[in-house]
Each structure stands twice: as structure tokens, then as C-alpha cells.
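Worksheet: one structure, shown below.
The values are calculated or read from the model by the stated rules, or taken from the named source; none is laboratory data. Please read all numbers here as calculations on a predicted model, not as lab measurements. Positions of Cβ are generated from backbone atoms using ideal geometry, with glycine treated the same way; all protein chains shown enter the neighbour counts.
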Amino acid sequence: MKKPSAKWFLLLPPILFALAYFDRDERFAGGHWRRASRAPVGLAPLPSATPEAVVQVYSARAVRWRGYFGEHTWIAVKPAAAPEFSVYEVTGWRLRRSNTSVNISQRAPDGRWFGNAPKLLAELRGTLAERAIPKIVAAVDHYPYAASYRVWPGPNSNTFTAYVLRNVPELRADLPATAIGKDYLGARVIAAAPSGTGWQFNLLGVLGVMAAREEGLEINLLGLTFGVDPNQLSLKLPLAGRVGFGGSEVSAAEPRQK
């Protein structure tokens with residue numbers, strides 16, 4: 001059987017752009033998106049039983065057709081002795097309803113993203129979390145693209161998470177290859193990798209390269225990520241995400257506990 005040509009990947013960005021442009025229906029196969037489950041999946045500690053400070057980074061497949069291509073990411077924080085988590089994320093519908101795309105809520109930090117189960121990408125607890133939380137809050141306040149949102153190539157929810165992470169290198173979070181928009185740097189062309197363990201060069205989120213201890217080597221082509229991660233012995237591919245050499249299972253990186 002003839003193998004599919006690599007050039008098919010070049011069709012994904014225009015397809016993604018067309019879907020984003022013509023997507024005006026807020027319903028999906030399982031019914032209206034507002035009725036999809038947002039229930040927690042047990043990855044976040046109960047605040048009432050966890051007096052120490054906690055910071056967590058999550059990702060989940062996006063809503064409707066977007067889930068075939070990419071993921072939505074967010075950051076949750078709980079200061080020491082706080083009774084609940086605060087979740088920081090960016091959404092396009094938030095911008096349509098207000099003057100900012102940044103949403104701060106007290107929803108379940110590990111809640112399903114409209115039916116899709118989240119993955120825990122990174123975590124800090126105790127003293128390290130206490131040090132990181134002010135940096136997170138400051139980065140959220142200074143997010144430069146709060147007044148704009150684009151599914152592809154960015155700025156979007158992953159652009160936001162990557163921006164915040166660059167200001168909190170203690171997390172060393174490796175965002176999924178399917179987190180389209182994580183490499184969008186606006187007018188900048190050089191920046192620290194989201195994990196803070198290396199550097200990246202990128203033009204408007206559509207062409208670039210990243211080399212970092214945590215992410216490995218990544219190439220951004222038309223907004224799609226191709227890479228190899230020596231730490232996890234895995235490939236990073238569009239649509240599939242992380243594919244380990246030890247098997248066909250596709251999974252996120254193991255959460256970093258500190």
C-alpha cells in the first residue's frame with residue numbers, strides 16, 4: 001500500500017483556517033457544547049485536605065472539530081490555606097462577550113474540557129508553588145494579546161499558557177505538540193522556550209525551531225509541530241501528539257512533581 005505523502009500535512013493549516021473561519025455553530029455531535037461534561041477527573045487535590053500551595057498545568061483536546069487538530073491548555077493555582085483553586089485560561093468566546101480573552105474562574109481545575117478528559121502536564125507544591133504563584137498572577141496581568149484571539153496560528157489559549165510559563169521557569173512544563181499556538185510570539189522572533197530550559201526562533205507562529213532540555217527539538221511548519229524528545233524517547237507529530245518508540249500509545253508527558 002502506498003504510504004500517504006508528507007505533503008498532506010501542508011493541507012492541514014488551510015483546512016484549519018477554513019474551519020475556524022466558517023465555524024459559527026455552537027453545537028457538536030453529542031449536543032450543545034454547554035451540556036458537555038465539565039466534571040473533575042481526580043487529578044487535582046481537594047483544597048480542604050491540602051493546606052499547602054499548589055500549581056498545576058493541564059491540557060485537554062479542544063471542543064468539536066478543533067479536538068482533531070489541537071488542545072486547550074490552562075493553569076490552576078491554589079495559594080497556601082486557600083479554600084479553592086483559581087483557573088487561568090483564554091477562550092475566544094470570552095473575548096466575544098467582553099474586552100478580554102483572559103478568563104479567571106474557580107471552576108474545577110481538573111474538570112473535563114466539554115467532555116474531554118484533561119492531562120496533568122506539570123505541578124508544583126509547597127514552597128516552590130508559593131514562589132511561583134505571584135509570577136503567574138503578574139504574567140496573567142501583563143499578557144499582551146488579551147484583546148485578540150485566533151484559533152490558528154495564534155494568539156489563542158496555548159499562546160497564553162506558553163507566555164505565562166516563560167515567566168515561571170520553575171514549572172519546566174512541556175506543552176503538547178498539538179497545542180497549536182504555543183509558538184506564537186507576535187512581533188518577536190526569539191524567546192525562551194515555554195519550559196524555560198532552552199530557546200526558540202519563530203515567525204508569527206508559522207515557521208520556527210525550538211531546542212530545549214525539556215521539549216527536545218521541535219520544528220514549527222505552518223503552525224504544526226514536528227519534533228523528537230530524547231527525554232521521553234518519543235516523536236512529536238501533528239494530530240497524534242506524542243508517540244513513544246516503545247509502543248503506539250499516544251500520551252502526554254508525565255507530570256512533573258516537585
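The residues in the stretch 53-97 that are of a type in the set (D, E, K, R), in contact with a Pro (Cβ under 9 Å, 6 or more places away or on another chain) and part of a loop (DSSP other than H, G, I, E, B) can be counted, and the count is 1.
Residues in the stretch 78-121 that are closer than 21 Å to LEU165 by Cα, within 15 Å of the chain's Cα centre (by Cα) and among the basic types (Lys, Arg): LYS119 alone. If the condition is being farther than 19 Å from PRO169 by Cα and crowded, with 17+ Cβ neighbours inside 10 Å, then the stretch 192-212 contributes ASN202, GLY205, VAL206, GLY208.
Of all the criteria given as (1) more than 17 Å from LEU95 (Cβ to Cβ); (2) buried (at least 24 other Cβ atoms within 10 Å of the Cβ); (3) among the small types (Gly, Ala, Ser), the one not satisfied by GLY154 is (1). Once the stretch 244-258 is narrowed to residues that are surrounded by fewer than 16 Cβ atoms within 10 Å (Cβ to Cβ) and assigned to a strand (DSSP E or B), the residue that is modelled with the highest pLDDT is GLY244.
Taking the criterion of being in a loop (DSSP other than H, G, I, E, B), among the charged types (D, E, K, R) and within 22 Å of TRP152 (Cα to Cα), the only residue of the stretch 193-233 that qualifies is GLU215. Evaluate the following for PRO109: is it in a loop (DSSP other than H, G, I, E, B) and crowded, with 18+ Cβ neighbours inside 10 Å? The answer is yes for PRO109.
Filtering the stretch 131-170 to residues that are in a helix (DSSP H, G or I) and at pLDDT below 95 leaves PRO169, GLU170. Only one entry in GLY42, GLY31, GLY92 is modelled with pLDDT of 95 or more, of a type in the set (Gly, Ala, Ser) and surrounded by fewer than 18 Cβ atoms within 10 Å (Cβ to Cβ), namely GLY42.
To keep it simple, each residue is scored yes or no on (1) in contact (Cβ under 8 Å) with a residue 24 or more places away in the chain; (2) β-branched (Val, Ile, Thr).
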{"residue": "ARG166", "(1), (2)": "yes, no"}
{"residue": "LEU171", "(1), (2)": "yes, no"}
{"residue": "ILE190", "(1), (2)": "no, yes"}
{"residue": "TRP199", "(1), (2)": "no, no"}
{"residue": "LEU204", "(1), (2)": "yes, no"}
{"residue": "ALA211", "(1), (2)": "no, no"}
{"residue": "LEU221", "(1), (2)": "yes, no"}
{"residue": "LEU224", "(1), (2)": "yes, no"}
{"residue": "LEU233", "(1), (2)": "no, no"}
